[in-house]
1. Normalised by the number of residues in the chain, what is the relative contact order in percent for Cα pairs under 8 Å and 6+ residues apart?
2. What are the ³J(HN,Hα) values, in whole Hz, obtained from phi via the Karplus relation 6.51 cos²θ - 1.76 cosθ + 1.60 with θ = phi - 60°, for each residue of segment 136-152 in sequence order, with x given for Gly and Pro?
3. Check Ile182: other-chain or 5+ apart residues with amide H under 5 Å from its amide H, H built from backbone geometry?
4. Which of the listed residues, Val113, Leu196, Ala135, is farthest toward the dipole's positive end in the chain, when Lys, Arg count +1 and Asp, Glu count -1 at the beta-carbon?
5. Short version: ³J(HN,Hα) in whole Hz for each residue of segment 16-21, in order, from phi by Karplus 6.51 cos²θ - 1.76 cosθ + 1.60 (θ = phi - 60°), x for Gly and Pro, what are they?
6. Computed FRET efficiency, Cβ-Cβ of Arg5 and Thr103, R0 45 Å: what is it to the nearest 0.05?
7. Please compute the net charge surrounding Val89, taking Lys and Arg as +1 and Asp and Glu as -1 over other residues with Cβ under 13 Å from its Cβ.
8. Sort the following peptides by mean Cβ neighbour count (other Cβ atoms within 10 Å, averaged over residues), highest first: 10-16, 189-195, 33-39.
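Taken together, the values in this text are just the output of simple stated rules run on the coordinates, not laboratory data. As the structure is a prediction and not an experimental result, all values here were calculated from the model. When we count neighbours, we look across all protein chains shown, and the Cβ atoms used for this are built from the backbone with ideal geometry, even at glycine.
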Amino acid sequence: MTLPRTPSFRLDGKRALVTGASSGIGLASAVALAEAGAHVVCAARRIEALKDVVTEIGAESWSAEALCLDVADIEATAGAVEMHGPFDVLINSAGLARHSPVTETAAADFDAVMALNLRGAYFLAQAVAKGLIAAGRGGSLITISSQMGHVGGVDRAVYCASKHAVEGFTKAMAVELGPHDIRVNSLCPTFIRTALTEATFDDPERVRWIEEKIKLGRVGEVEDIMGAVVFLASGASALVTGTALMVDGGWTAG
């Protein structure tokens, strides 16, 4: 008999675009893909921080470059994707959170969160997909969503709305792009220790709430995301599309 062989998790020869790559989950995603062999275009608004990231990745003998990019500017983003692509892998990680009680939500905060988390993420995925279709290539589009795309949370109505919408377009894009061999998935972390969640972890009441919800009894670190990113980007997940990979420590299990 011929034994089956595990598909490769390697990404040699692939080009990946990672937004929000200057810190947090985006940075960890860029490192994970570079370590797996991809050439990673690290994108964010903070070019100096990006240069430091790229330098550190290069010091490991991995391949990366920096790209100054504001995902909320959809026209400029589409132009950059056309110029630097096509990309075999997209990690749509740029994101924003402005938390408040629902009765105190400001329209400006709502618009800012939606402009980046939803509008920017949607049109970035569109731009990368168009590049792959034009090149006749398949690929993997991954949006960093959240467990809050599946449940609700105190003071998080706007953030939850943006991430529930991400889950919706992920499924719809997967349906349309499947015939082009383009897979579309979301990755849904629980609370991960990053600059974005620092204010939450400074609030003892919020920390108690988080610890009660996470069944594994600890909050997440960026390293918890890295293996999942490589899985969804690689041929190891070749039949996975239109779905959400939960990295939530059991938060949404019940």
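1. Computed value for the chain: 20 percent relative contact order.
2. Working through the residues one at a time gives x, 10, x, x, 10, 9, 10, 9, 6, 9, 5, 4, 6, x, 10, 9, x Hz.
3. Gly139
4. Of Val113, Leu196, Ala135, it is Ala135.
5. Taking θ as phi minus 60°, the curve returns 10, 10, 10, 8, x, 7 Hz for segment 16-21.
6. That pair, Arg5 with Thr103, gives E of 0.20.
7. Once all neighbours under 13 Å are counted, the net charge is +3.
8. On the way: 10-16: 17.7, 189-195: 19.4, 33-39: 22.3.
The densest-packed peptide leads the list: 33-39, 189-195, 10-16.
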